[in-house]
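Novice: Mind having a look at this structure? Questions to follow.
Nothing in this text is a laboratory measurement; each read-out follows from the coordinates by a stated rule. In this text, all values refer to a predicted model and were calculated from it rather than measured experimentally. Neighbour counts are summed over all protein chains in view; Cβ atoms, including those assigned to glycine, are modelled from backbone coordinates with ideal geometry.
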Amino acid sequence: MFLKLSELLIVTSMLTVCVFISGAAVNLTLVTPEKAIKLAANDFFRQHLSKNGKGLTMFKEMLAGCGAGMCQVVVTTPMEMLKIQLQDAGRLAAQQQKPVMMSTTKLVATNTVLSRSFNSCTVSSSPRAVSATQIAKELFHTHGIQGLYKGLGATLIRDVPFSIVYFPLFAKLNRLGKPSPDAASPFYWAFMSGCVAGSTAAVVVNPCDVVKTRLQSLNKGSAEEAYSGVADCISKIVRKEGASALLKGAGCRALVIAPLFGIAQVMYFAGVGEYILDNTPLNLLSA
């Protein structure tokens with residue numbers, strides 16, 4: 001039987017709180033449904049791959065994780081696309097505002113122009129802030145639905161291996177903390193298992209995340225490289241920046257993902273969503 005609505009609410013409610021604290025609105029939109037779909041789909045595939053309630057082989061655990069990773073990209077790709085465009089907008093605006101070194105002659109001429117501008121009360125305006133909604137509308141208007149799903153292949157290359165590594169590793173670590181085969185592991189053990197499995201999977205697939213981010217960056221700076229696809233992106237990164245460039249940000253990514261998955265797994269298995277639904281009018285939704 002597929003997961004109840006309450007089990008999805010466990011993840012979505014918890015992640016909503018976590019991401020609001022960071023103040024990242026786009027990440028909120030991304031993380032909440034992504035983690036709900038990922039965990040729910042993995043449970044769904046595990047239930048259908050198991051026979052008579054018996055445990056899964058390592059291959060079937062990896063297969064269930066693969067299915068979960070493929071399901072989540074429906075939400076992950078457009079939201080990652082919007083997040084990267086927002087980051088690029090701020091980065092490019094900062095580059096445009098950097099002071100430029102000029103010769104003495106040019107500086108005198110420039111000071112004259114600036115003086116005239118000051119006396120006439122005209123000043124240059126700073127770049128306007130853009131929102132995720134504006135970017136989404138522009139992408140959809142200029143590129144259609146394909147614009148929101150640019151980098152889908154690269155996102156699959158990242159998220160599918162992540163789930164293949166994460167879910168079997170978490171299940172293995174979590175089983176080690178169970179006092180008996182039929183008992184649940186303590187909440188702190190589930191938290192630590194989620195942290196270790198999440199950080200490990202994040203480091204393993206970090207090269208895929210670097211490629212995905214480069215491909216989804218539409219607004220390139222004057223000195224930045226353009227890529228025609230995954231293979232071209234990897235080739236140019238390794239040739240011009242070295243293989244170590246594919247591991248850029250791996251530590252930071254592990255630090256972010258570790259507590260995220262640790263908290264998600266604890267809330268998911270603790271039954272917080274079930275408790276909320278059973279003790280509030282929300283229980284009508286699961287009827």
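Novice: Place +1 on the Cβ of every Lys and Arg and -1 on the Cβ of every Asp and Glu in the range 152-281, take the dipole about the Cα centre, and give the residue among G177, L246, V203 whose Cα lies farthest towards its positive end.
Specialist: Highest projection toward the positive end goes to L246.
Novice: Which number comes out as Rg/Rh for the range 152-281 once both Rg and the Kirkwood Rh are worked out on C-alpha atoms?
Specialist: Rg/Rh for the range 152-281 comes to 1.13.
Novice: So how far, in whole Å, is the C-alpha centre of the range 138-154 from the one of the range 178-207?
Specialist: Their Cα centres are 35 Å away from one another.
Novice: How fast does the range 129-183 diffuse by Stokes-Einstein, in µm²/s, taking the Kirkwood radius from C-alpha pairs at 25 °C and 0.890 mPa s?
Specialist: Numbers: Rh = 14.7 Å.
Translational D for this selection: 167 µm²/s.
Novice: Output ³J(HN,Hα) for the range 66-79: one whole-Hz value per residue in order, computed from phi by the Karplus curve 6.51 cos²θ - 1.76 cosθ + 1.60 with θ = phi - 60°, and x for Gly and Pro.
Specialist: Once rounded to whole Hz, the list reads 4, x, 5, x, 5, 6, 6, 5, 4, 9, 4, 4, x, 6.
Novice: Spin-label point model (7 Å from Cα, Cβ direction): what's the R239 to T133 distance in nm?
Specialist: 4.4
Novice: Please compute the modelled spin-label separation between V256 and V196, points set 7 Å along Cα→Cβ, answer in nm with one decimal.
Specialist: Each label point is offset 7 Å from its Cα along the Cβ direction, giving 2.5 nm.
Novice: Follow-up question, since we're still on this one. State the extension gain, in nm to one decimal, for the chain segment bounded by F187 and H143, taking 0.36 nm per residue of separation less the distance between their alpha-carbons. Intermediate values should be presented prior to the final figure.
Specialist: On the way: separation 44, 0.36 × 44 = 15.84 nm, distance 4.60 nm.
That pair, F187 and H143, stretches by 11.2 nm at full extension.
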